[in-house]
Amino acid sequence: MVLAHNLGFPRIGRDRELKKAQEAFWKGELDEVGLRVVGQQLRTAHWQVQKDAGIELLPVGDFAWYDQVLTHSLTFGVIPERFRGHGNAKPTLQTLFAMARGVSDSCRGGAHAQEMTKWFDTNYHYLVPEFTAEQQFELSWEQLFEEVDEAKALGYAVKPVVIGPLTYLWLGKTKGAEFDKLDLLERLLPLYGQIFQRLAAQGVEWVQIDEPILVLDLPQDWKNAFERAYNLLQKDPLKKLVATYFGDLEDNLGLAAGLPVDGLHIDLVRAPDQYPTILDRMPAYKVLSLGLVNGRNVWRCNLEKALEVARHAHERLGERLWIAPSCSLLHSPVDLAREDKLDAELKSWLAFAVQKCQEVALLARAVSQPEAAEVVAALAESRAVQTSRAASPRIHKPEVQARLAAVLPADSQRQSVFAERIVKQRAGLNLPAFPTTTIGSFPQTPAIRLTRQSFKQGKISKAEYIEAMHSEIHHAVQVQEHLGLDVLVHGEAERNDMVEYFAEQLDGYAFTRFGWVQSYGSRCVKPAVIYGDLSRPKAMTVDWIEYAQSLTDKVMKGMLTGPVTMLMWSFPREDVKREVQAKQLALAIRDEVVDLEAAGIKIVQIDEAAFREGLPLRKAEWQHYLDWATEAFRLTASGVKDETQIHTHMCYSEFNDVIESIAAMDADVITIETSRSDMELLDAFEKFAYPNEIGPGVYDIHSPRVPSKEEIVTLLRKAALRIPVERLWVNPDCGLKTRAWPETKAALMNMVAAAHELRNDL
Ligand code: GLN
Ligand code: ZN
């Protein structure tokens, strides 16, 4: 027998029940008992659905009220001072949500939430643990044990999931006096001992210990710490499966294989080359769990291909072979059966979490019972799906492929170098020093959302919709003129989302109705699915931008989403490399840039918010990614003449290690998020002598707080110390869609006044 197990199941529910309950609870519309009932129902349903799919060992501990890393912080008592009540009271659900969301408290000044950051290279965000040098750890949260009891009472065989000690420490940050996080390991390890003791007493046999940092470039002292830590944990009860995912163990392969534990899980979807090397490094007693079904995408598994590996492994390992998804299914939508609007062919190519569990179980069964009728049928079906996809004219568009194949190096090159372009652009644009602009979106008011929704549901006609949007554009233009901004935008009222808006208009993209994935807390995203060669049937934004330009003599900036961001925030194809998909997108968006230029638009902004996100986990792979990502951007931007000014926008603040590629993108102007870093991140641009123009964000758009003119002046003066003034722009950190109009106007008014003051200094 080969064991089918799962590393984790999505917790949100197939109808996002958890999101709805969380939000109702926060609003005071649902009490704690009600919230807990929803959680329990979801867990019960999810165990059942996994069991029904054929998963034999079910994960417990994958449920979280907000985030699994936060659950661990509570479990270990890693609760920052600002969230601790009086005395040494145990944390409550209020404590948990306070850590996640912050509290405003007029008397005590409140407490800001813990920082949130991306979980490895996924779009899931976790809450960063905060450690102090005196950090003590204490078992403070019973959730895992309660959920184990809950599952056991329902009769399930369970495998609790915990984040391993090294990964947990790695994910945190230090506060206060500087110290080495690794120094906390000795203090933290006894907690794992206590947890394992308790689980053993509950009748648990196996525990899964997630150590995904084993696929990263680890400093030597962290590698050494692995051996030390697991040698100590060895004496504790329970069989331990160390789980790695999201990449190749590479230089850590020997370390991971040799840890004194009872099993190792590896991700063979992201890193198939680890197999069969791993076999020779595995001690003879150990279980090897193969992650053969992609936990992070929506495509059906190629069962025959996966089965080849599984059979080979089975010959070597026998019963010591386990089969699982590549990683927790947290990153995949819940249930394909819910999709009633997808056409049958496309649907037959997809698998969500429930279906992925079935695939895992099928693979396990196929190894031991290759003749079983069910196995034979499933394999035949899988083969048919692969064949139909490989040959489908819906996917393979010869004209798209031919166009890409014919791309020449010159196509990714502007006609002249920046120094020459900027002279022509300045002559044509006629802008003052410190030109002011915004990043694109203006407040998405309830009225705008309602109009878009009514149009989507067919409640208003296209003409009515266009009229309503025109009036929003009109309003936005009036406000901007009144404020005295120099480069205007149309405001993006027609866009639900910066990726979805374009994806809906491109061929090769499909949309699900229920394909939600948790992004953080109660926030879920429903990425579009790239299923085929990508192309643009017709112009996507020109009418709106042209209309906006017709309302003003000022320069109207066209607004597009770049190819890398389109790709990173979609479910990509698995049958074609990411870079090919990015370049197909690049060509499609390039046509839009050219069309905007032809319509008389002098500035086009191509947003690449996700450019940095795409960086691979391993440094050695960075350059390859940066090369094709940069190339895709340039291909998008280079169809226009010198006079047309290309902007790009990136809303984050770490550029040091990628500044060379940012420069290689060769946008005429880049706007970035800087206000919270006090302009310090401009250091990277200064040090590199970044040659093109820059608009460092002068105020944080995440809060309704209105920045004063003086603050903005101070920030701009700091910027001017680092970047020559003739190359500085003045703009907010990012788009304003989440803001309301009153604060937006007030803030922009101060921003424009600040720009005037700097002009006077000249
Ligand atoms: N143009 C987009 C906006 O203003 C950019 C958003 C982003 O960078 N996340 O909303
Ligand atoms: Zn932004």
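Structure notes:
- Approximate spin-label separation ARG228-LYS687, in nm, with each point projected 7 Å along Cα-to-Cβ: 3.0 nm
- Karplus-derived 3J(HN,Hα), 6.51/-1.76/1.60, for each residue of region 141-157, Hz, glycine and proline x: 8, 9, 3, 4, 5, 5, 6, 5, 4, 4, 5, 5, 4, 8, x, 8, 7
- Accessible area per residue for region 562-693, computed on protein heavy atoms with a 1.4 Å probe, is 31 Å².
- Residue pairs, from the table LYS424/LYS737; LYS118/LYS737; LYS19/LYS118; LYS90/LYS526; LYS181/LYS356, whose Cα atoms sit over 26 Å apart: LYS424/LYS737; LYS90/LYS526; LYS181/LYS356
- Applying the criteria of a DSSP loop state and at most 13 other Cβ atoms within 10 Å to the trypsin sites (Lys or Arg not before Pro) of region 88-152 yields ARG108.
- The chain: angle of helix 418-429 to the longest principal axis, Cα-based, in degrees nearest 10: 50 degrees
- Centre-to-centre, using Cα atoms only, region 433-447 and region 171-241 are separated by 47 Å.
- Farthest positive-ward along the chain dipole, Cα basis, beta-carbon charges - from GLY34, HIS72, ALA463: GLY34
- Relative contact order for region 229-269, counting Cα pairs under 8 Å that sit 6 or more residues apart, in percent: 53 percent
- Rg in Å to one decimal, and Dmax rounded to a whole Å, for region 439-511 via C-alpha atoms: 13.6, 42
- Taking Lys and Arg as +1 and Asp and Glu as -1, the other residues whose beta-carbon sits under 13 Å from that of GLY54 total -1.
- Rolling a 1.4 angstrom probe over the chain with all protein chains present gives an accessible area of which 52% lies on carbon and sulfur atoms.
- Space enclosed by the convex hull of the alpha-carbon atoms of the chain, per residue, Å³: 167 Å³
- Across region 301-433, C-alpha contacts under 8 Å between residues 6 or more apart give a mean separation that, scaled by the residue count, equals a relative contact order of 28 percent.
- Take region 16-98 with all the other protein chains still there, run a 1.4 Å probe, and you get 42 Å² of accessible area per residue.
- Within the shell defined by Cβ-Cβ distances under 12 Å, the residues around SER661 carry a net charge of -4, with Lys and Arg each +1 and Asp and Glu each -1.
- Whole-Å distance, taken between Cα centres, linking region 258-322 and region 588-662: 38 Å
- Across region 532-594, counting alpha-carbon atoms alone, Rg and Dmax equal 14.3, 48 Å.
- For GluC sites (Glu not before Pro), the sites in region 303-380 that DSSP calls loop and that have at most 12 other Cβ atoms within 10 Å are GLU371.
- Of the trypsin sites (Lys or Arg not before Pro) found in region 614-690, the ones in coil according to DSSP and having at most 15 other Cβ atoms within 10 Å of their Cβ are ARG618, LYS641.
- Taking 0.36 nm per residue of sequence separation and removing the Cα-Cα distance, the ASP657/ALA598 pair yields an extension gain of 17.6 nm.
- Three semi-axes of the equivalent ellipsoid, region 277-374, Cα gyration tensor, whole Å, largest first: 28, 15, 10
- DSSP beta bridges in the chain [antiparallel fraction, %, rounded to 5]: 15 percent
- A simple charge model with +1 on the Cβ of Lys and Arg, -1 on the Cβ of Asp and Glu and nothing else charged puts the dipole of the chain at about 940 debye relative to its Cα centre.
- Structural descriptor for the chain: relative contact order 12 percent, calculated from alpha carbon pairs under 8 angstrom and at least 6 residues apart.
- Farthest toward the positive end of the dipole of the chain, out of VAL162, ALA427, VAL564, is the Cα of VAL162, where the dipole comes from beta carbon charges about the Cα centre.
- Between the residues VAL354, THR445, ALA405, the greatest Cα displacement towards the positive end of the dipole of region 319-469, with unit charges on the Cβ of Lys, Arg, Asp and Glu, is found for THR445.
- Rounded tilt (10° steps) of 353-368 against the dominant C-alpha axis of the chain: 40 degrees
- The alpha carbon centroids of region 479-506 and region 681-720 are separated by 22 Å.
- Remark: region 404-544 carries a charge dipole of roughly 260 debye about the Cα centre, counting +1 on each Lys and Arg Cβ and -1 on each Asp and Glu Cβ.
- Each Lys and Arg adds +1 at its Cβ and each Asp and Glu adds -1 at its Cβ; summed about the Cα centre, region 269-396 shows a dipole of about 340 debye.
- In degrees, nearest ten, helix 373-391 long axis to first principal axis of the chain (Cα): 20 degrees
- With DNA, RNA and ligands ignored, accessible area of TYR285 (1.4 Å probe; Å², nearest 10): 130 Å²
- Think of a 1.4 Å ball rolled over the protein heavy atoms: region 248-362 then has 34 Å² of accessible area per residue.
The values are calculated or read from the model by the stated rules, or taken from the named source; none is laboratory data. Not measured: the values here are computed from a predicted model. Don't worry about glycine lacking a Cβ; one is built from the backbone with ideal geometry, like all the others, and counts go over all protein chains shown. Heavy atoms of the whole protein, side chains included, go into the accessibility calculation; ligands, DNA and RNA do not. Shrake-Rupley method; radii C 1.70, N 1.55, O 1.52, S 1.80 Å.
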